[in-house]
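Okay, so here's the structure we're looking at.
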Amino acid sequence: MKILVCIANVPDTTAKINFTPDNKEFVSTGVTFILNPYDEIALSKAVDLTAGGGSVTVINIGDASTEPTIRKALAIGASDAVRVNAKPRDGYFVAKQIAEYVKKNSFDLILCGRESSDSNGSSVPAMVAELLDIPCILFAKSLSIEGTTATLEQEIEGGKEILSAPLPLVAGASEGMAEWKIPNMRGIMSARTKPLSVIEPVDVPQYTQVQSFDKPVPRSSVKLIAAEDAGKLFDIIREEKKVI
Amino acid sequence: MSVLVFIENVQGKFKKSTFEVISFAAAIAQKQNLPLVALSIGNVSDDELAKAGKYGAGKVLKASGAQLDSMNVQPYATVIAQAAKAENAKIVVMSASFSGKGIAPRVAIKLDAGLADNVIDLPKMDGGFIVKKGAFSGKAFAFVDITSDVKVISMIPNSYKVVESAASPAISTFDAQLSPRDLVVTIKDVKRSTDKVSLPDAELVVSAGRGMKGPENWGMIEELANVLGAATACSKPVSDAGWRPHSEHVGQTGIAISPNLYIAIGISGAIQHLAGVSSSKVIVVVNKDPEAPFFKAADYGIVGDAFEVVPKLIEAAKAFKAGQN
């Protein structure tokens with residue numbers, strides 16, 4: 001089985017997010033970048049699925065600064081990697097690059113994280129699927145494959161559903177789909193020599209443009225209620241905030 | 001030209017988040033001076049459809065049929081795109097629910113439209129079409145200009161008010177053409193917990209962390225949530241330890257929520273957790289450690305042991321609810 005895993009290079013989950021004084025750009029100085037946590041679940045699943053044979057290719061849309069993250073994916077167990085040499089402008093741009101790559105190199109399964117923890121949200125997996133006219137199961141909690149059919153459990157409004165879909169398909173990985181894998185020394189050593197090819201992006205029309213960023217207004221200082229007065233909480237909230 | 005809003009049902013009923021998204025789309029349509037068309041897909045009674053008509057739509061379309069009985073992303077996206085073309089919709093609006101997040105990107109591709117997902121406020125429409133959306137997992141917002149002719153936006157539940165209007169629009173049938181490619185996914189089984197409030201669109205959320213010491217102590221959390229009519233949630237260490245299901249995990253790598261009231265019990269408030277809950281309107285933190293970082297991000301704080309404070313909250317919630325009725 002040939003699997004493609006789409007990976008994003010995102011600020012560490014503990015990173016404080018700051019912008020330039022004009023709020024136009026994210027300040028990456030001093031920020032550690034990591035493999036997007038959901039993508040790491042997707043990659044771990046791909047490695048599990050190919051334990052008995054097959055290959056896992058990772059694809060990233062980014063400039064050369066994302067290569068440490070790509071090497072980490074190779075250390076976790078991907079066979080080879082492709083970097084599309086461009087800044088990931090928006091979800092549509094990223095999806096187009098991935099879909100173009102898949103059209104030239106067929107895959108049985110395309111795995112993504114269900115969302116990326118930077119500014120691109122969760123639009124890429126379903127866009128890739130639509131561009132390829134195949135299904136996308138975006139909130140997959142489990143995935144098993146028998147022959148050319150996949151069975152998936154997906155989170156839905158107020159519950160879950162079990163789906164069956166033919167390969168190829170796109171699945172978005174949620175927590176629970178696989179255990180996170182920690183790269184071992186052999187993986188780290190071999191990652192240095194695994195193939196990482198760099199390709200140039202295809203042209204994509206630009207439909208969205210980030211104008212500026214903003215941060216949530218910090219809350220005014222906390223109002224403390226003594227533990228013995230806890231019973232007054234709901235009346236206080238109704239009186240002062242009118243949300244209940 | 002028009003604005004089209006997809007009105008999602010769950011088992012034939014519309015939820016409050018549907019009325020929010022219609023109200024939101026109606027405000028956009030009014031500003032753009034365009035009529036609003038609401039599109040329902042699936043098996044919904046005319047009585048229920050009439051309810052959806054009260055929030056500003058000039059016309060309600062219903063698409064139904066055996067192939068559309070259950071929510072299924074591909075056929076639903078096809079129906080929405082066809083209705084958008086038939087109504088010459090310039091703006092297509094839907095909820096950023098689980099279903100909407102799967103559907104909106106496909107509709108955008110089908111319509112060659114720009115997409116903004118996770119929108120949390122009315123777009124600025126004086127020259128340009130600038131939406132405010134969540135970014136960096138709730139740690140920031142991005143203002144995004146959608147420059148394409150046709151635009152698709154999905155709105156985060158609980159981020160717009162429900163506005164009723166007097167209209168009672170006509171309901172008409174919309175016939176969509178599905179292709180076999182739309183119907184390759186089979187839904188084998190659906191399990192819904194009908195007695196529980198769903199987390200992403202809950203107005204009130206009671207959440208607990210490692211301070212609860214073990215899964216056996218969740219009874220009081222569930223009781224408090226039950227009395228309040230709230231959804232239950234948890235922190236990442238709790239779901240990682242298997243005390244609670246992953247579907248309850250709120251935070252940067254879990255679900256992002258924006259309820260009216262978020263009560264966090266025994267959660268210290270790591271930055272990843274705050275990212276997922278910072279758009280809650282009011283945050284209450286109960287923690288026995290006065291130095292817990294969460295107090296800095298809270299509106300109300302109770303320094304105390306959860307096992308003493310929560311029973312008091314349950315009694316208070318019962319009295320509060322009794323007072324409301």
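With a ≥ b ≥ c taken as the square roots of the eigenvalues of the C-alpha gyration tensor of segment B:1-101, please select rounded if a/c is under 1.5 and otherwise prolate if a/b is larger than b/c or oblate if it is not? Prolate shape, in that a/c is at least 1.5 and a/b is the bigger ratio.
FRET efficiency for the pair B:Asp240 and A:Asn18, taken as 1/(1 + (r/R0)^6) with r the Cβ-Cβ distance and R0 = 30 Å, rounds to 0.60.
Taking every C-alpha pair closer than 8 Å and separated by at least 6 residues, the mean separation divided by the residue count of segment B:120-205 gives a relative contact order of 19 percent. For A:Val222, the shell of other residues with beta-carbons less than 9 Å away shows a net charge of +2, using +1 for Lys and Arg and -1 for Asp and Glu.
Here segment A:1-24 is scanned for amide nitrogen atoms under 16 Å from the site 7 Å beyond the Cα of A:Trp180 along Cα-to-Cβ, giving A:8-15.
Inside 10 Å of the C-beta atoms of B:131-138, what's the mean count of C-beta atoms belonging to other chains?
Numbers: counts 2, 2, 4, 3, 11, 11, 11, 3.
Per-residue shielding by partner chains comes out at 6.
Under the 0.36 nm per residue contour assumption, what length would be gained going from the current alpha-carbon distance of B:Asn226 and B:Lys31 to full extension? Residue separation times 0.36 nm, minus the Cα-Cα distance, leaves 66.2 nm. Counting Cβ atoms of other protein chains within 10 Å of each Cβ in A:217-223 and taking the mean gives 5.
Here the gap between B:Thr147 and B:Met1, fully extended at 0.36 nm per residue and compared with their Cα-Cα distance, gives a gain of 50.9 nm. Our coupling estimate for segment B:3-8, obtained by passing each phi through the Karplus curve with A = 6.51, B = -1.76, C = 1.60 and θ = phi - 60°, is 10, 10, 10, 7, 9, 8 Hz, Gly and Pro reported as x. Annotation: for a label point projected 7 angstrom from Cα along Cα→Cβ of A:Ser55, residues of segment A:178-218 with backbone N closer than 12 Å are A:195-197.
Which whole-number percent of Cα pairs in segment B:120-184 have a distance greater than 13 Å? Above the 13 Å cut-off, segment B:120-184 has 78 percent of its Cα pairs.
Return the inverse of the average 1/r over all pairs of distinct C-alpha atoms in chain B, which is the Kirkwood hydrodynamic radius, in Å to one decimal.
21.0
For chain B, calculate the relative contact order in percent as a whole number, restricting contacts to Cα pairs under 8 Å that are 6 or more residues apart. After rounding, I find 14 percent. Counting, for every residue in A:8-15, the Cβ atoms of other protein chains within 10 Å of its Cβ and taking the mean gives 3. Sorting A:223-233, B:199-209 by average packing, meaning the other beta carbons within 10 Å per residue, from highest down gives B:199-209, A:223-233. When peptides A:5-12, A:59-66 are sorted by average Cβ neighbour count within 10 Å, with the highest value leading, the order is A:5-12, A:59-66. The modelled label-to-label distance between B:Lys318 and B:Asn43, using points 7 Å beyond Cα along the C-beta direction, is 4.0 nm.
Between A:Thr29 and A:Arg219, the FRET efficiency estimated from the beta carbon spacing at R0 = 30 angstrom works out to 0.65. Dividing the Cα radius of gyration of the protein assembly as shown by its Kirkwood radius returns 0.96 for Rg/Rh.
Normalised by the number of residues in segment B:247-325, the average gap of Cα pairs under 8 Å and 6 or more apart makes the relative contact order 24 percent.
For the pair segment A:202-221 and segment B:249-275, the centres of their Cα atoms are 22 angstrom apart.
Each Lys and Arg Cβ is given +1 and each Asp and Glu Cβ -1; about its Cα centre, the protein assembly as shown then shows a dipole of about 440 debye. The Cα trace of segment A:23-165 gives Rg and Dmax of 15.5, 51 Å, the first to one decimal, the second as a whole number.
For segment A:79-118, what ratio Rg/Rh do Cα atoms give with a Kirkwood hydrodynamic radius?
With Rh from the inverse mean 1/r over Cα pairs, Rg/Rh is 0.95.
What does the highest-first list of A:109-115, A:131-137, A:177-183 look like by mean Cβ count within 10 Å?
The densest-packed peptide leads the list: A:109-115, A:131-137, A:177-183.
Rule-based calculations on the coordinates, nothing more; no lab input. This one's a predicted model, so the numbers in the text were calculated from it and none came from an experiment. Using ideal geometry, Cβ is built from the backbone for each residue, glycine included, and neighbour counts are taken over all protein chains shown.
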